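The values are calculated or read from the model by the stated rules, or taken from the named source; none is laboratory data. Fair warning: this is a prediction, and the values are worked out from it, not measured in the lab. In this analysis, Cβ positions are derived from the backbone assuming ideal geometry, glycine residues included, and neighbour counts consider all displayed protein chains.
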Amino acid sequence: MQCLYAKLAQAVRRLLQIILSLCAIAVFAGAQQVDIVAKLRLAQSFEQSGAWDRAVTIYESLLESNPQNFVILEGLRRSYMELKQYDKATELVRQQLRGNPTDENLLSILGGLYDLAGRPQTADSIWHVVIKKNPTNTNLYRLIAAQLVDHRQYDKAIEIYVEGREATKNHGLFVEELASLYGALHQYESATREYIKIVRTNPQQATYVQSRLSSFTGREEGRRAALGVIRDEVARNTEEVPLYSILAWLFMEGKQYEAALEQYRIIDRLTKANGSELFQFGQRAAQEHAYLASAKAFREVVDGKAAATIVPFARFGYARAIEELSVENDTMARAPDQRSSRVGRGSTVSETQPTFQGALALYESLIMDHPNTETAMQALFRIGTIRFTRFFDLSGAAAAFDKVRTMPFGSNLMYEAALSLAEVQTARNDLGRTRAEYDRLLKGSPEQFRDRVLFRLAELNYFEARFDSASAVLQGISGNASNDLTNDALQLLYFIQENKAAGQAALTEFALADLMVRQRKYSEAIVRFQSVLTQYPTTALVDDATMRIGELQLLLNRVDDALALFRTVTNDMPASILRDHAQMRIGEIYENRLKNKQKAIEAYEHVLANYPTSLFVEEARKRIRLLRGDSL
């Protein structure tokens, strides 16, 4: 028995020794593995920092104990290539090929190394050995083309892809690859032909193709090349709607909206859309401020066989376009050769009426034909806006806005109308009703309107010389960096704080003058601003008042007086922070009012020379280029 116990004990001891030995080996191997990983990361960090020679040293030491490690081999090859040690990189790949002599990836890499080393014939021979193994295997062509693309040999990459098409008898292969390469070589026609193959195979990909074409149609030569190809395709395939869509898009990219409208007429007819395609074009054209084309599209919808559900919206779109064309003084709104036209039941509208009268008549007709609808609500709001901003008809504007805000559609337009109504009350100098309107809006309007109402309320406090109240409100708005009103709030806050300390009386006079400007009492405002200059000549408000008077003189078409005032700021107020702005205004007057190109250029050059850190520098430089006819 004792002998048995002794044997068991001995066996246990041997087992423990074996376990301990295995543990020691595992610990040693683990330590080795940790060391390898640490060195590998160090080598990769040297790669990232461009210290290729140091990366090589580490990779070479790692390779000695890990000759088959793919990560180490690849890292060492990359480093050799960056150091242009192509012979060493080639030998490394050849060593890998000894274990797998038919590896297509390694062979393609080997060919690439010979190509980099200036031995293109050897590279071509190796690559064609790879291809000949299976000429119909598309992945082989991609492997080799990828090497050529990495070496920026785009022409050769194209040849490989074309060779692959011929070998496989499939000319739909490698479309995106070839299109991208042709684009990189500025061969825009060839690139477009490739992309069109995608549409011919799958018409639903038209939008995707547009996005790919946009990589070069931003250049005029690229757009023209694409336009020529698409036109030819359309001529050969006159029923293919996706091609017309791309053609229309190209015209719009080039601001050729009339040509784009013609394509949408065809699209609408081919798809039997009954005006819906034209309607969508009208909306897009309006978004891009192409109001003439937009008006034509909407008009054709109204005069055509469009569904009754979209006609009111098309009529509103047409009226909006006419309104905007009136702003631009476009011929469609005012030209004497435009004929009167019927729009809606029993209403005749003539675009030859004085500016904005045609738009007003269109809106009024729309309200009559579609009463108590959201479209009528929008039309009524536009009437109020025109009457207020264009005619300064305060009674007419107030009536329109007041009606809009009481309409039962829960639209944000009711809050916009309430804000506009408060502005009308300000213009009427009924500041008590203005404040009451803002107070109502603060209690009941959505959050998105709150800051706008608060800013208007701060302005009202400023007009009434409640400067502390105005500052408190503005500080709340300016604390929100994501708010669109933040800059305006900061500017007004800074203006109040800067000038309040210099004198409450002067700032009060200035604020009252600003209120008169808001009320379009321009002559009275000029008198008030001049009072600031004469009564408070030592305050910081002098340059601001001079600038304000200059702007008002321009509004009253007294151009010479305005120029003299802006020159006073630039020449006689060396401490003013408005000198660059005044100089910029001088240039704009010469450019836009006096049409004196040379004087305008000189004025803008003065901005560049004397105010190099001004916020107006880039705009001045742009204006100079435009006036000289330089390409932007």
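Of all the criteria given as (1) at pLDDT below 95; (2) within 37 Å of the chain's Cα centre (by Cα), the one not satisfied by T538 is (2). Filtering segment 591-631 to residues that are of a type in the set (S, T, N, Q) and either buried (at least 19 other Cβ atoms within 10 Å of the Cβ) or part of a helix (DSSP H, G or I) (or both) leaves N592, Q598, N610. The residues listed here are A465, A472, A398, A417; of these, the one that is closer than 30 Å to D544 by Cα, touching a residue at least 12 places away in the same chain (Cβ under 8 Å) and of a type outside the set (S, T, Y) is A465. Summed over segment 245-277, the residues that are outside any loop (DSSP other than H, G, I, E, B), over 22 Å from Y291 (Cα atoms) and not hydrophobic (A, V, I, L, M, F, W, C) give a count of 1.
In segment 284-346, counting only helices (runs of 4 or more DSSP H) that sit wholly within it, the ones holding 2 or more residues that are at pLDDT 90 or above, touching a Gly at 6+ places or on another chain (Cβ under 6 Å) and of a type in the set (A, V, I, L, M, F, W, C) span 291-303. Taken over segment 180-231, residues that are polar (S, T, N, Q) and not in a helix (DSSP H, G or I) amount to 2. Restricting attention to segment 124-179, the residues being outside any helix (DSSP H, G or I), surrounded by fewer than 13 Cβ atoms within 10 Å (Cβ to Cβ) and under 43 Å from the mean Cα position of the chain (by Cα) number 5. For segment 515-546, the tally of residues that are among the charged types (D, E, K, R), touching a residue at least 24 places away in the same chain (Cβ under 8 Å) and surrounded by fewer than 17 Cβ atoms within 10 Å (Cβ to Cβ) stands at 2. The single condition from (1) surrounded by 14 or more Cβ atoms within 10 Å (Cβ to Cβ); (2) in a helix (DSSP H, G or I); (3) at pLDDT below 95 that N483 fails is (2).
Taken as a whole, segment 110-120 holds at least one residue that is within 45 Å of the chain's Cα centre (by Cα), touching a residue at least 24 places away in the same chain (Cβ under 8 Å) and not in a helix (DSSP H, G or I).
Check segment 266-273 and report whether any residue there is touching a Leu at 6+ places or on another chain (Cβ under 7 Å) and surrounded by 15 or more Cβ atoms within 10 Å (Cβ to Cβ). Yes: one or more hits.
Scanning segment 180-196 for residues that are crowded, with 18+ Cβ neighbours inside 10 Å and not polar (S, T, N, Q) gives L181, Y182, G183, Y188, A191, R193, E194, Y195, I196. Taking the criterion of being assigned to a helix (DSSP H, G or I), small (G, A, S) and surrounded by fewer than 21 Cβ atoms within 10 Å (Cβ to Cβ), the only residue of segment 547-590 that qualifies is A564.
Kindly evaluate L92 against the criterion of being in contact with a helix residue (DSSP H, G or I) (Cβ under 9 Å, 6 or more places away or on another chain), part of a helix (DSSP H, G or I), farther than 26 Å from L42 by Cα and at pLDDT 80 or above. Judged against the criteria, L92 is not a match. The residues of segment 262-298 that are within 23 Å of M377 (Cβ to Cβ) and in contact with a Ser or Thr (Cβ under 8 Å, 6 or more places away or on another chain), listed by number, are G282, Q283, A286.
From the list R405, R433, R428, the one residue that fits, being surrounded by 18 or more Cβ atoms within 10 Å (Cβ to Cβ), over 32 Å from the mean Cα position of the chain (by Cα) and charged (D, E, K, R), is R405.
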